[in-house]
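What follows is calculated from the coordinates using simple rules that are stated; it is not laboratory data. Just so you know, these numbers come straight off a predicted model, no measurement behind them. Neighbour counts are summed over all protein chains in view; Cβ atoms, including those assigned to glycine, are modelled from backbone coordinates with ideal geometry.
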Number of protein chains: 2
Amino acid sequence: MAVNLPPPDPALLYPVPGVELGIATAGIKKPGRKDLLVVRLAPGAVAAGVFTRNRFCAAPVVLARKHLKNPVRALVVNTGNANAGTGKDGLARALRVCASLAERLDCKPQQVLPFSTGVIMEPLPVERIVAGLPAAVAGLREDNWASAAQAIMTTDTVPKACSRKVKLSGGEAVVTGIAKGAGMIRPDMATMLGFVATDVKIAGGALKRIVKKVADQSFNCVTVDGDTSTNDSFLLIASGTGVEARSDNDRKMLEQTILEVSQRLAQAIIRDGEGATKFVTVRVERGRSAAECRKIGYAIAHSPLVKTAFFASDPNLGRILAAIGYAGIKDLKTEKIDLYLDDVLVVRKGGRNPSYLETAALAAMKKPEFAVRVILNRGQSAATLWTCDLSYDYVKINAEYRT
Amino acid sequence: MAVNLPPPDPALLYPVPGVELGIATAGIKKPGRKDLLVVRLAPGAVAAGVFTRNRFCAAPVVLARKHLKNPVRALVVNTGNANAGTGKDGLARALRVCASLAERLDCKPQQVLPFSTGVIMEPLPVERIVAGLPAAVAGLREDNWASAAQAIMTTDTVPKACSRKVKLSGGEAVVTGIAKGAGMIRPDMATMLGFVATDVKIAGGALKRIVKKVADQSFNCVTVDGDTSTNDSFLLIASGTGVEARSDNDRKMLEQTILEVSQRLAQAIIRDGEGATKFVTVRVERGRSAAECRKIGYAIAHSPLVKTAFFASDPNLGRILAAIGYAGIKDLKTEKIDLYLDDVLVVRKGGRNPSYLETAALAAMKKPEFAVRVILNRGQSAATLWTCDLSYDYVKINAEYRT
């Protein structure tokens, strides 16, 4: 069902020197599927992350955030259980997993970052995870990204991975990442995980700045209200085994490449959105601030009415106007607004464009990918979001998730 | 499909002296259905209303708001076309309808309030509406509430009407109302209309205070972000032909009765929600303010994940915790929160209640009506909202709305 999203070609996923990945079949929720991932980092690696702002944030998020203050040596990721809404017991369980892996990798539990995704409010099956660790550790390899992408899937139908090379002043570097998203219509309620690694040598502070900037232009463009699920995490790793990012230009080139990989991964989550049949870019232009453009973009991208119209390829575009109108921009002058569907001018100065033909909009909407473009004509800022349609299958998948 | 919502018994809808209703089949969108309603008010009647705050508010809303400043003599309501997103031309068309009715009723166009509901961004078919007015006016009768409830339906499957009598110090009075709601999951994107009338004699200022208070405890409890569709309107009429509300106690009794009628109507919109199979009360208690309780209630009531779980009778109640967590209450202490499903204590102090059995929650969720109760344990305020589940039929209805 995924929209224009072929599975990644393992041959095109460049290994990142200093980053080894191992997976296992731990039987966490269901037997017989890859559900555990261990990542070992070279000594001297630096990591930076952004995490959910949900008040019910999961135990692994609490620990990962804390452990990031130490030199990180490993990641442990499980699917099938989110370890969220589990209180103090959840923290203790997550820490036991960290401790078990730390012992095997000869580091401290505080140097291990835990990540979990799956059902909320059920106790983490520590024993099964710990029992799976030896196999994952035994299988640690640098060329294991494709398997890793599979091991972190939940309701994803396609593994998500992306890789790029970039030339810095000191030589070539590599950026490779994987992500998983239940591909929710509103990812703020889901668990979204993204891991991107590079071999570049770069200071922790610089990496921290990059991860925030990149998140805002990639994973946060498919997410509502900031990163608000219980488990959402995006982690950026620099193993430091490769060339150094020496100059501002190097750091800029690196950031661009990380952004490209991260945007691809974020878009892949939407392309694989639960029940998605359409991939829609929502661009809001000429607003007073990026924030107001995002607010309007989100109102459109979250409207069940707009999304069902996308699904039906029904150019019932008044629903988009209604969404713009209730986005909460108090002084918005609707009589200035233009609305395009791809290149079709639907609304001009707040009303139906006299020369607009519904057949033209229909043709655009029948494609698996199209863009909604709103021109506010009141400033110089813009924002781009990505979303999908709302189909029968969304309901089916979520009504039957646990059965 | 509507949940516990039998059609109103015409014999139980008390006529309101001084309020006559006439309907017609004007062929506005489809031929052969009642789609036009005219209401004539006795001289001296007072009216007060609350309207959408959507920036793209419809032409009839602009006019109704303006005309409310004059002594109102009539209402004209059409379905099949919302006359929203139609710019200046939309205003001119709505005014032509008012003028035509005013001529027939011997009043000024500025004494007529127009209301429209239906598809957004299509020109109002003035000629068809004007051609339907003679039949509607010819049929004006006080005992016509049941037909009026039918004439304002769009995707509603059941007409919505409610009537009560109340004893004031001067004698008995009557309160009768009708409403229509596309019964959206999020009514802020729909057109919701509510008209409630009484024969009580009361000052315009007092009626204005009542309409705001009542709206906040009825129609605004099934609505997000205030009243934010393009056409939402709730109008309260006092014909003044009956007993006078003389004392504070009279006004309080009247307000209570109007609230009861309005809550019934608002709940009816949810019971007839598009595709609804469950009617769910969301109550948030012991918050610091009613506003924060409403915010959390809305987060739960709008979550597609929570709503699909309702549909599936799946006690995947971690989804409710996630919604509470991202509701945007920054200093919320999750470890204080209790969560009930009807009388089943699911979450205690932010984590799974040790003695909670999923079978108990399942039994509650299998019923067509149940309550979600969140206890924040940080204050004395509370809020109650009503919502429905998200089913296949919601998608079906909205994907096929115009076809």
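Suppose we look only past 27 Å in the calculated P(r) of the stretch A:194-347. What percent of the Cα-Cα pairs does that tail hold? That fraction is 37 percent. Under a 5 Å amide H cut-off, with hydrogens placed 1.01 Å from N, A:N54 pairs with A:S229 among residues at least 5 apart or on other chains. Summing charges over neighbours of B:I28, with a neighbour being any other residue whose Cβ is under 13 Å away from its Cβ, gives +3 when K and R count +1 and D and E count -1. Between the residues B:V38, B:I120, B:P159, the greatest Cα displacement towards the positive end of the dipole of the stretch B:10-271, with unit charges on the Cβ of Lys, Arg, Asp and Glu, is found for B:I120.
Residues considered: B:L254, B:L12, B:L36. Largest GNM mean-square fluctuation over chain B, using C-alpha springs under 10 Å, is found at B:L12. A crude spin-label estimate for the pair A:R104 and A:D9, with each label 7 Å from Cα along the Cβ direction, gives 3.3 nm.
Between the stretch B:347-372 and the stretch B:81-128, the C-alpha centres lie 50 angstrom from each other. Relative to the dominant Cα principal axis of chain A, helix A:290-302 is inclined by about 90°. Taking the three principal axes of the alpha carbon atoms in the stretch B:260-339, the coordinate ranges are 36, 31, 18 Å, sorted in descending order. The orientation-averaged shadow of the Cα convex hull for chain B, equal to a quarter of the hull surface, comes to 19.2 nm².
What average number of partner chain Cβ atoms lie no more than 10 Å from the Cβ of the residues making up A:329-335? Don't skip to the end; give the middle numbers.
Details: counts 1, 2, 1, 2, 1, 6, 2.
What the average comes to for A:329-335 is 2.
Using a Förster distance of 60 angstrom, determine the FRET efficiency expected from the C-beta separation of B:E369 and A:K167, and round it to 0.05. List each step's numbers first, then the result.
Values: r = 64 Å, r/R0 = 1.07.
After rounding, the FRET efficiency stands at 0.40.
Dividing the convex hull volume of the alpha carbon atoms of the stretch A:37-140 by its residue count, what do you get in Å³ per residue?
Values: hull volume 9.1 nm³, N = 104.
Once divided by residue count, the hull of the stretch A:37-140 is 88 Å³.
When the pairs B:K330/B:K366; A:K336/B:K330; A:K252/A:K295; B:K66/B:K396 are compared against a 30 Å limit on Cα-Cα distance, B:K330/B:K366; A:K336/B:K330; B:K66/B:K396 fall above it.
In percent, how large is the relative contact order of the stretch A:279-399, given Cα pairs closer than 8 Å and 6 or more residues apart?
Details: 218 pairs, mean separation 57.8, N = 121.
Computed value for the stretch A:279-399: 48 percent relative contact order.
Bridging of A:K30 to aspartates and glutamates at a Cα separation below 18 Å is possible for A:E122, A:E127, A:D156, A:E400, once same-chain residues fewer than 8 apart are set aside.
Expressed as a fraction of 2.2 N^0.38 Å, the C-alpha radius of gyration for the protein assembly as shown is 1.03. Of A:M153, A:M365, A:M192, the residue with the greatest mean-square motion in the GNM of chain A, using alpha carbon springs below 10 Å, is A:M365.
Explain nothing, just the number: dipole magnitude of the protein assembly as shown about its Cα centre with +1 on each Lys and Arg Cβ and -1 on each Asp and Glu Cβ, in debye rounded to the nearest 20.
Values: 108 positive and 76 negative charges, 317 e Å.
Here the protein assembly as shown has a charge dipole of around 1520 debye.
Measuring r between the beta carbons of B:K333 and B:A203 and using R0 = 51 Å, the FRET efficiency lands at 0.65.
How much length is gained on full extension from B:E244 to B:Q256, taking 0.36 nm per residue of separation minus their Cα-Cα distance?
Going from the current span to full extension adds 2.7 nm.
Label-to-label distance for A:T157 and A:D342 is 2.2 nm, based on points extended 7 Å past Cα in the beta-carbon direction.
Taking one quarter of the surface of the convex hull spanned by the alpha-carbon atoms of the stretch A:279-399 gives a direction-averaged projected area of 7.1 nm².
When the dipole is taken about the Cα centre of the stretch B:10-271, and only Lys, Arg (+1) and Asp, Glu (-1) are charged at their Cβ, what size is it in debye, to the nearest 20?
On the way: 34 positive and 22 negative charges, 54 e Å.
Dipole size: approximately 260 debye.
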